[in-house]
Amino acid sequence: MSAIPISPVAEPWRLPSRGRVAMLALITGESAIFTIFVVAYIFYIGKSLTGPTPLQVLDIPWFNTICLLSSSVSILIAERQIERGKMRGFMMWWALTIALGMIFIGGTAVEWHKLIYVDGLTIRTNLFGTTFYSLVGLHATHVVVGLIGLSLILIFTLTGHVKEQHSERIQVFALYWHFVDAVWVVVFTVVYIVGR
Amino acid sequence: MADQTLPIAGSLDVTPQRLSRAQVLEWLHGWVVTVDHKRLGILYVVYGIIFLLVAGAEAMAIRIQLAWPGMHFLSPELYNEMFTMHGTTMVFLVGMTILFGFANYLVPLMIGARDMAFPRLNAFSFWMTAFGGLLIYYSFIGGFGLYGMGAAPDVGWWAYAPLTARAFSPGHATDYWALALIVAGFGTLGTAINIIATALSMRCRGMSLLRMPLFVWLMLVTSALTLITITPLTAAQIMLLIDRYLGGHFFDTQAGGSAVVWMHFFWIFGHPEVYVLVMPAFGIANEIIPVFSRKAIFGYPAMVAASVGIAFVSMGVWAHHMFTVGMTSVGNAFFVLSTMLVGIPTGIKIFNWVATIWGGKIRFATPMLFCLGFLFQFLIAGLTGIMLSVAPWNWQLHNSYFVIAHFHYVLVGAIVFNIFAGIYYWYPKVTGRMLSETLGKWHFWLFLIGFHITFDTMHFVGFLGMPRSIYTYEPDRGWNHLNFIISIGGMIQGIAVLIFAWNLVQSYFRGRKAGNDPWDAWTLEWSTPSPPPAYNFATDPVVHSRRPLWDLKHPEDPDWKYEA
Ligand code: HEM
Ligand SMILES: [Cu+2]
């Protein structure tokens with residue numbers, strides 16, 4: 001339709017970025033999924049009919065946690081770098097983020113290997129096994145998805161497809177990674193501190 | 001003003017041509033790969049209407065079986081499959097798809113945008129939802145049951161544990177149920193995200209949040225609610241699949257798991273879900289009632305506030321589905337009161353609709369008729385809802401036909417009525433042709449009469465103690481004639497829906513040409529040609545009030561002079 005004749009005031013017209021809005025919406029939805037799993041975990045603490053119990057088999061994964069949380073810092077620096085157009089710096093910090101995420105996933109793999117083969121705890125052993133592998137596994141799945149995304153972006157950066165003008169999109173993706181890290185704080189607290 | 005659809009109308013050669021195979025394939029291909037919000041909206045609605053007919057046929061089968069005691073129209077196993085599939089289909093494949101289809105088509109047009117925020121995500125979401133529907137219906141042939149034959153899910157749409165455990169539901173039917181809803185759920189999540197991003201980030205110049213059409217507001221609130229409503233179901237179904245496939249114990253009472261936890265998770269989804277369905281229906285009424293009363297909506301800000309209020313309150317009432325499970329008295333009191341609280345924002349809405357109609361110059365066209373039916377029925381549905389929220393009353397009537405009557409008053413009497421109203425209202429925009437008013441009146445009156453025969457009567461069999469989900473009943477219970485009447489009403493509704501389907505098809509070819517703005521309406525979608533071009537608006541519109549087309553048609557008395 002053509003312009004409407006009289007225009008009373010010409011306000012400046014600014015709208016929020018659609019990428020950011022969508023990512024925040026996705027994070028809200030994901031938070032609800034995690035909430036249900038966390039509630040189930042808490043509800044079933046101590047309700048297993050047989051062993052092993054969390055206290056017998058779980059070690060607190062301090063190193064893993066530190067790695068994952070510092071990856072939030074490194075990605076933040078990478079965001080700043082691309083914003084200022086420093087592509088080399090961006091690439092380095094981005095790669096570091098991936099490495100830290102890999103260490104976390106590797107650590108989880110080692111932990112699960114020990115739990116399964118040494119302690120004999122599987123998802124069907126008892127309620128603790130069911131809820132533990134589901135909740136930690138759900139989070140690990142998110143880390144893996146995040147790592148795939150991070151790696152794709154790294155590859156595209158290496159091939160020169162990601163440039164300074166994409167910094168907004170990079171930041172939107174980074175929101176997801178921050179979310180994955182923040183969820184770990186909750187999972188860590190519930191599983192390794194409260195649940196033990 | 002560009003009032004005709006084409007500047008050269010009549011000069012085109014419109015003699016139908018025989019389409020070649022290649023042309024048909026190309027046409028089909030165009031629909032499959034489309035990312036246009038209008039085409040996707042149409043796909044959603046058509047898909048939903050097809051499933052409406054399917055699930056309607058299932059309801060008919062249920063009603064024939066229950067029409068008289070001792071019937072053997074269906075086998076007991078098939079009966080369970082029928083009511084499970086009827087409920088699941090109506091909620092996930094009919095209600096959700098049609099309403100999100102409306103949103104897809106209308107939200108960008110109403111806010112003066114050229115498309116949704118993420119067109120490809122939009123297409124992806126639709127096909128996910130479509131695939132979910134095919135998956136669950138495939139179970140009729142593929143969901144091998146106990147005896148090696150195809151079996152649809154038969155655990156009720158609520159799928160209570162422990163019936164869903166492998167021991168009690170062998171075969172794959174239940175897995176089809178869970179998987180299909182997870183898949184469709186991701187589609188829904190994608191659409192919800194898309195609608196939020198569109199409404200917040202794609203508005204045309206001047207379209208501030210408080211100038212958005214109320215339909216867009218309601219879709220925004222609904223989508224926000226969807227984000228935290230569908231996801232708990234997805235989570236619970238993942239747990240169910242872990243139990244069934246990996247030997248987990250979430251809902252396994254033998255190993256310390258809890259069946260009640262499933263109920264909580266299901267209704268944490270299930271109750272807000274009914275508001276996810278009803279709020280878009282409110283949105284449709286918000287557009288239609290003012291236009292056919294020739295008045296601006298009464299209490300716009302109150303409507304917005306009430307919608308947000310409903311969304312919030314609806315998250316804290318889920319255990320009113322579980323009063324008979326046994327809760328503490330504090331728990332009972334909490335859920336009684338929180339449920340009653342929903343009555344306040346809902347009451348505000350009903351008041352505002354009535355005030356909009358009050359003193360208006362009412363046009364009783366078919367869209368308005370359906371909306372008036374909605375107003376009346378929604379009021380009654382709300383009242384029976386308040387009755388059911390009283391715990392002692394609920395202990396008496398839970399799982400009876402009174403409950404079935406209550407929620408069908410909402411689902412059919414409010415939501416389906418408004419969906420019909422919306423289709424009569426926007427069909428001219430979508431196709432360029434009016435639906436037949438004569439057939440529309442037949443549809444309305446038959447459906448209204450059938451509706452009341454069926455669902456008014458259900459309240460009474462409920463009072464007389466008839467439980468839901470039963471295969472048949474003894475002849476000496478005093479339910480025979482009432483059930484027969486209910487079934488007759490069901491058939492009348494079935495006939496009405498068939499008239500409607502016929503109207504949709506025949507008006508597409510023979511309906512009166514609609515022009516841009518057949519209802520003399522006020523929102524932006526009516527400023528485009530019917531059907532709108534792929535790009536919607538040739539130039540980006542600018543708006544100055546909640547009724548941009550009013551301003552355009554009445555430059556001497558524009559709305560923005562009066563709006564704060
Ligand atoms: C001709 C119209 C309809 C008739 C005659 C009808 C009939 C029925 C009956 C008899 C049941 C109960 C089955 C049982 O538990 O024994 C039922 C359940 C249900 N219906 Fe309908 N229905 C109709 C339309 C709709 C529509 C349009 C919707 C939704 C938009 C809907 C949603 C549901 C739901 C959610 C259930 C719950 C399933 C359950 O809890 O068993 N129905 N319907
Ligand atoms: Cu409810």
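The values are calculated or read from the model by the stated rules, or taken from the named source; none is laboratory data. None of the values given here were measured: they were computed from a predicted structure. For neighbour counting, all protein chains shown are included, and Cβ atoms are generated from backbone atoms with ideal geometry for every residue, glycine included. To get the accessible areas, we keep the full protein, side chains included, count just its heavy atoms, and leave off ligands, DNA and RNA. Shrake-Rupley method; radii C 1.70, N 1.55, O 1.52, S 1.80 Å.
Is there a residue being within 21 Å of the chain's Cα centre (by Cα), of a type outside the set (A, V, I, L, M, F, W, C) and surrounded by fewer than 22 Cβ atoms within 10 Å (Cβ to Cβ) anywhere in the range B:281-302? No, there is no match, as no residue in the range B:281-302 is within 21 Å of the chain's Cα centre (by Cα), of a type outside the set (A, V, I, L, M, F, W, C) and surrounded by fewer than 22 Cβ atoms within 10 Å (Cβ to Cβ). Considering every residue within the range B:303-315, establish whether at least one is within 15 Å of ligand 2 (Cβ to nearest atom) and either part of a loop (DSSP other than H, G, I, E, B) or more than 18 Å from residue B:270 (Cβ to Cβ) (or both). Scanning the range B:303-315 turns up at least one residue that is within 15 Å of ligand 2 (Cβ to nearest atom) and either part of a loop (DSSP other than H, G, I, E, B) or more than 18 Å from residue B:270 (Cβ to Cβ) (or both). Cβ-Cβ under 6 Å, sequence separation 6+ or interchain: first residue in the range B:151-179 and away from chain A (no Cβ under 14 Å) and under 11 Å from residue B:262 (Cβ atoms), partner at pLDDT 90 or above and within 16 Å of ligand 2 (Cβ to nearest atom). Which pairs? Partner pairs satisfying both residue conditions: B:158/B:266. All of B:109, B:66 fail the test of being under 30 Å from residue B:213 (Cα atoms) and crowded, with 23+ Cβ neighbours inside 10 Å, apart from B:109. When every residue of the range B:344-364 is checked against the conditions, none turns out to be aromatic (Phe, Trp, Tyr), within 16 Å of ligand 2 (Cβ to nearest atom), crowded, with 17+ Cβ neighbours inside 10 Å and closer than 28 Å to residue B:447 by Cα.
Taking residue B:532, is it within 14 Å of another protein chain (Cβ to nearest Cβ) and either surrounded by fewer than 19 Cβ atoms within 10 Å (Cβ to Cβ) or assigned to a loop (DSSP other than H, G, I, E, B) (or both)? Criteria met by residue B:532. Restricting attention to the range A:38-75, the residues that are within 14 Å of another protein chain (Cβ to nearest Cβ) and of a type outside the set (Val, Ile, Thr) add up to 9. In the range B:214-242, what count of residues is obtained for those that are open to solvent by 10 Å² or more (accessible area, probe 1.4 Å) and farther than 15 Å from residue B:265 by Cα? Going through the range B:214-242 one residue at a time, the tally reaches 5. Residue count for the range B:1-31 satisfying the condition of being surrounded by 10 or more Cβ atoms within 10 Å (Cβ to Cβ) and at pLDDT 50 or above: 10.
If you go through the range B:549-564 and keep only what is facing chain A (nearest Cβ under 7 Å) and either within 15 Å of residue B:108 (Cα to Cα) or of a type in the set (Phe, Trp, Tyr) (or both), you end up with just B:560.
Note on the range B:413-445: residues that are open to solvent by less than 20 Å² (accessible area, probe 1.4 Å) and assigned to a helix (DSSP H, G or I) amount to 18. For the range B:231-241, name all the residues that are at the interface with another protein chain (Cβ under 8 Å from one of its Cβ atoms) and under 15 Å from residue B:177 (Cβ atoms). Passing the criteria: B:234, B:236, B:238, B:239. Checked against the criterion of being in contact with a helix residue (DSSP H, G or I) (Cβ under 8 Å, 6 or more places away or on another chain), among the aromatic types (Phe, Trp, Tyr) and open to solvent by 30 Å² or more (accessible area, probe 1.4 Å), the range B:446-463 has at least one qualifying residue. Does the range A:69-92 contain any residue that is under 28 Å from residue B:190 (Cα atoms) and without any contact (Cβ under 8 Å) to a residue 40 or more places away in the chain? Taking every residue of the range A:69-92 in turn, none turns out to be under 28 Å from residue B:190 (Cα atoms) and without any contact (Cβ under 8 Å) to a residue 40 or more places away in the chain. Assess whether residue B:541 counts as being open to solvent by less than 10 Å² (accessible area, probe 1.4 Å) and within 14 Å of another protein chain (Cβ to nearest Cβ). Yes: the conditions hold for residue B:541.
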